[in-house]
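The values are calculated or read from the model by the stated rules, or taken from the named source; none is laboratory data. In this text the structure is predicted, and so the values were computed from the model without any measurement. Reconstructed Cβ throughout: ideal geometry from the backbone, glycine too, with neighbour counts over all protein chains shown. To get the accessible areas, we keep the full protein, side chains included, count just its heavy atoms, and leave off ligands, DNA and RNA. Shrake-Rupley method; radii C 1.70, N 1.55, O 1.52, S 1.80 Å.
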Amino acid sequence: MTQKVRNSAADIVAEAQKLRWDMGGDLHDQLTESLYAEAARISDRVVSRPDHAAARGFDRTLDRIITSRIWGFPLMLLLLTLVFWLTISGANVPSALLSGLLIDTIQPMLKHAAASIGLWWWLDGLLIDGMYLATAWVVSVMLPPMAIFFPLFTLLEDFGYLPRVAFNLDALFHRAGAHGKQALTMTMGFGCNAAGVVATRIIDSPRERLIAIITNNFALCNGRWPTQILLATIFIGALAPAELAGLISAFAVVGIALLGVLLTFVTSWSLSRTVLRGEASAYSLELPPYRPPRIWRTIYTSIIDRTGIVLWRAIKFALPAGAAIWLSANIQFGGVSIAEYLIHWLDPVGLFIGLNGVILVAYILAIPANEIVIPTILMLTVLVAGVTGVGDGAGVMFELQSNADVLTLLHAGGWTLLTAINLMLFSLLHNPCSTTLYTIYRETGSLKWTTVSALLPVVMGVATTFVVTQLWHLFGL
Amino acid sequence: MSTPLLNLLVFFLLALSLIAGWHYGRGFLRVLRRNREFKARVLREDLLKHLLESRLSASPLPKEQLLRALRIDEHELRDVTQDLEAHGMLEADLQLTSAGQTYALRIMRAHRLYERYLAEETGYGEQEWHRYADEREHDLTEQDIAGLARKLGNPTHDPHGDPIPAQDGFVTYHENSHALAGLVPGQLVRIVHVEDEPEALYAELVAAGLASGQYVRVLHADDQHVRLSCEGREVRLSYRAAENVTVVADLREDEHAVPEHGVTLSSLQPGQHARVISLSQRLRGSERRRLLDLGLLPGTDISAELRSPGGDPVAYDIRGSLIALRRKQADLILVEPPADDNGPGTSNVIESNNES
Amino acid sequence: MKKQEPIVQPPSDACATCPMHDASALKRLGVDMKNFDYVVALAGNPNTGKSTVFNSLTGLRQHTGNWPGKTVTRMEGGFEYAGLRYKLVDLPGTYSLLATSEDELVARDFILFGQPDVTLVVVDATRLERNLNLALQVSQITERAVLCLNLMDEAKRKGMHIDDRRLARDLGMPVVPMSARQNEGIPELLGVIGEVAASNVRSKPYRVSYQSPQLRSSLSRLTEMIERSMPDLPNAEWVALRLLDGDAAITEALLNGELGEMRT
């Protein structure tokens, strides 16, 4: 019985092959045409709309305003500025509260408890000073802005506004070989690059999606803003008279962010014309009907879905990073810690590109999260420069309340204005954090594109800082 | 201080050499790989392929033309011919044996499948297909070819309209096909093949936007030029380029109903609506399927709704959904001229000067 | 809530409540049917509220955005209705099932080889025409399809009226009007899912009339051959179409007998 079926199955396949030669190549066209003709027939019979034009009048009126030549861009800038302003100003208070709770209250309590049960010093250091502290740091810096930024962004998305932004900006991105929706994944990247990479799912054309993924790192993420602001304030703002200092340092930070946007376009352009030229591309952008957003539901799901997932991944990576940081500063060979070995070894390289060994080691150790780069740098500087009376001991990250103290410490570590400028550039141009890299791997499923995303910005960062340093020396600054 | 200057100089030289290395490096690697053994095989395979093509299309292949195509001299041709005769692939007078034909069919299958793959699944341009396929045809293993065929849904024709030999070597050509160059004005024909060699003539055909599967009407023909109406545009070709296009003239009944008074979708102004005539054959692969799936089909009513502040893209109402298309896509969609239209859209209407 | 024991009936030829699905095929597709009685597949165009329907049924909180093409990976969840446990598999949102992209292939293979007990097709009531393209294709593959006419609130807002009874008759499958965002129509949907899963009553596969005469003649010739060789196969015409399109997966399934062994 089975044998008989198989035999005739082969006959059927052979017959199909024969028939296919006469079919012509446009079977897909023919099938779709017939299906749609059928769908139109059915839909005409069952749907009655009283007045086609009036029914969608509201949507179209709104669309004409949102996508108009005059109002489109100002409206977009206004809304995005509002979102960023709400995020930045709204995050300060809960951030301070969280850090007060997690770092200033719970950590001493844990230390106290560990001491009272007589925990070995190294276990206490590894668990509390290393792993707990790094995680607490990431959570207190990362959580509040994300918990504000993502729901706001999601509300705009649910309403249907974001696809219109993509529509408005498409011409600009098209010129760089990218998709208009990249405007949104880039904006998302200002909140968190990992979330930005996940958001590229909305780009349904393979080439443009890869471009958006690889260049997302050029959007200065939430974890890197504090670094920029600190350095701009204590080094660049200090150059200007006191009354202008705030403004100048703000310009410096915005300048770096804009440089990131510029590099997004430049890199997109070159990628689309070189390595990604052969990838398939199929453009379409649907503008969905406007829908009244369901505010509470959105806040709930976006916190659970976006914030929660990103935060969870960050914690998973911060725990081992905390351990690595603590261990590197505490495991010693001949009285010198691993961190110090590394720093001395990398110092010439660092100085050659206008940074220093401490910064490079900090970037290697703090790969899981940009949030802990500055605390790690401070800790390592104390360790290497042999400053006493500052910090909480080897391997314990810390922050200083006063910017003047930070400046003193960094000067002791041999920092100059050039170091600060280069660190600001390097903070923009280095490999994505490990959370983002993991996300890129998950989304692309390709080791090749993950490697490209990791190496491209580092190479650009090293090249940029190198050129800046050599020019700086050349002009004898 | 000359050190920084020196450093910068070294850096830029290094960067330049890296870029140059990337640009030419792959070619360099190929040169390294192409040892004598490999080159000899490529030559053998290319010769067999040319002989097979000439036999299948029943067009004789003069020796000079063969030498030019293979870029060799008489001497080399004699060597490679002897070699192939020794392997039982060729008989006297450059006649393929059945073993030679089987071998050549496999190379042809690999070449055409790969061209199809490039056209459907990648972003490479028409003029690159042939070159890449010419390289890859010699590398693809039997397994690669089978995998490619599977992935592409066992296609029967390559993007130029040539049949892809089946795994068992079965291949069939269009009967009653003619060169586009020899037709009389007024005739409506369907393009079944656009020859991609030589490169200069193919470039002219690509620039003219001709592709296999299109319906064209001859407007004017002399021994210098051929003028056509094709997908709403008027196209002028040199006689030699037109010789490289093969068409079928005796169309089926339903094929005569193709409307010719079309304008491109991109000429529609916001507020205007029109009925789709056809999607250009140059709209291929995933891009074509996407538009079809969205319901953009012949006969669909479509209206331009919004123009992006940057001028491009334009959002169209397609079956109740608002879909933005870029200009280069809308240029490839032919619609009937909007009835109430006095705008700039009318400028590229083509009036066929014959009965339709 | 008190858990009810699933009603277990002795196996017989006319088993009224037997699951349709092939557990081993499902396992191969990555669906573990342990502790579940039925499997329900969820198909639909992007941005039709498919994820909202999924969340309403399972109580999960998957983010649903106003974007075409949100669900890329497959989501699974479970729910219990009338004492029976259902596994709900959310398929990638696609416009079509012609298997030209990875997403379409995943969705198509699940509906065909996974033989879900029920396949829900979520459609946007305000854009019925475009959505029916997919619904028609689903009905060509499976006889156990249910149409969720979602976003009825939006249609009402736009002043549209949809004759859902006529739609059900024309399509030959049950139609449930609903607004998943407002949680309207969920109980009715559950009822229909339960009926289709438990009964042997099936919808008639939709016969699309193809326009090209050449396609029609090739198709009828091939369909006839398939029907003669496999009289039990419910979707012979669809299989014939796939063969004409050079579909490698279907060709292989036919050659190795997988298609012929399918239960109907």
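Averaging Cα coordinates gives a centre for region C:167-236 and one for region A:140-186; these two points are 40 Å apart. Applying the Karplus relation 6.51 cos²θ - 1.76 cosθ + 1.60 with θ = phi - 60° to region A:320-332 yields 3J(HN,Hα) values of x, 5, x, 4, 5, 5, 5, 4, 4, 8, 10, 7, 10 Hz, where x marks Gly and Pro. Here region C:23-197 is treated as a Stokes sphere of Kirkwood radius computed over C-alpha pairs; at 10 °C and 1.306 mPa s its diffusion coefficient rounds to 100 µm²/s. With a simple spin-label model that places each label point 7 Å from the Cα along the Cα-to-Cβ direction, the separation between C:R221 and B:T141 comes to 3.8 nm. The long axis of helix A:373-385 is offset from the longest Cα principal axis of chain A by roughly 30 degrees. Using the Cβ-Cβ distance between C:E80 and A:W296 with R0 set to 22 Å, the FRET efficiency works out to roughly 0.25. Look at the stretch B:321-332: the mean tally of other chain Cβ atoms within 10 Å of its residues' Cβ atoms is 5. The separation of region A:225-246 from region A:416-477, counted between C-alpha centres, amounts to 22 Å.
Taking all protein chains together and rolling a 1.4 Å probe, A:T227 ends up with roughly 10 Å² accessible. Between A:F352 and A:W120, the modelled label-to-label distance comes to 4.0 nm, taking each label 7 Å out from Cα in the direction of the beta carbon. Checking every one of the chymotrypsin sites (Phe, Trp or Tyr not before Pro) in region A:260-359 against DSSP loop status and a limit of 12 other Cβ atoms within 10 Å picks out no site at all. The length gained on full extension between C:S199 and C:E252, counted as 0.36 nm times the residue separation minus their Cα-Cα distance, comes to 16.0 nm.
Here region B:3-96 is treated as an ellipsoid with the same Cα gyration tensor; its semi-axes, largest first and in whole Å, are 46, 14, 10. Annotation: amide H of C:Y206 within the under-5 Å range of C:Q140, sequence separation 5 or more or interchain, hydrogens built in the peptide plane. Residue by residue along B:111-124, Cβ atoms of other protein chains within 10 Å of the local Cβ number 2 on average.
Computed on protein heavy atoms with a 1.4 Å probe, the accessible areas place C:R207, B:R319, A:R41 in the order C:R207, A:R41, B:R319, largest first.
The separation of region B:163-192 from region A:344-395, counted between C-alpha centres, amounts to 71 Å. Ranking of A:V358, A:V458 by solvent-accessible surface, largest first: A:V458, A:V358 (1.4 Å probe, protein heavy atoms only, all chains present). Against chain A, whose longest principal axis comes from its Cα atoms, helix A:206-215 is set at around 10 degrees. Taking region A:243-268 and a reference point 7 angstrom along Cα→Cβ of A:F84, the backbone N atoms nearer than 19 Å belong to A:246-266.
Using the average count of surrounding beta-carbon atoms within 10 Å as a protection proxy, the listed peptides A:180-187, A:113-120, B:98-105, A:151-158 rank, highest first, as A:180-187, A:151-158, B:98-105, A:113-120. Extending 7 Å from Cα along the Cβ direction at C:N35 and again at A:D11 yields two label points whose distance is 5.0 nm. Were the residues from B:K328 through B:A200 laid out at 0.36 nm apart, the gain over their Cα-Cα distance would be 43.7 nm.
Amide H contacts of A:L285 (H built 1.01 Å from N, in plane; Pro and chain starts excluded): B:A324 sit under 5 Å, all sequence-distant by 5 or more or on other chains.
Taking the C-alpha atoms only, the angle from helix B:126-136 to the longest principal axis of chain B is near 30 degrees.
You can think of it this way: the chain between A:R60 and A:S270 has 71.9 nm of extra reach, that is 0.36 nm per residue less the Cα-Cα gap. Take each peptide in B:211-221, B:56-66, B:180-190, C:34-44, count the other Cβ atoms within 10 Å of every residue, and average; sorted highest first, the result is C:34-44, B:211-221, B:180-190, B:56-66. Taking a point 7 Å out from the Cα of A:W312 in the direction of its Cβ, the residues of region A:121-159 whose backbone N falls within less than 17 Å of it are A:139, A:143, A:147. Take every Cα pair under 8 Å whose residues are at least 6 apart in sequence, average their separation, divide by the length of region A:192-308, and the relative contact order is 32 percent.
Each peptide in C:105-115, A:409-419 was scored by the mean count of other Cβ atoms within 10 Å over its residues; highest first, the order is C:105-115, A:409-419. Remark: mean inter-chain Cβ contacts per residue of B:301-308 equal 4, using a 10 Å Cβ-Cβ cutoff to other protein chain atoms. Taking every C-alpha pair closer than 8 Å and separated by at least 6 residues, the mean separation divided by the residue count of chain A gives a relative contact order of 17 percent.
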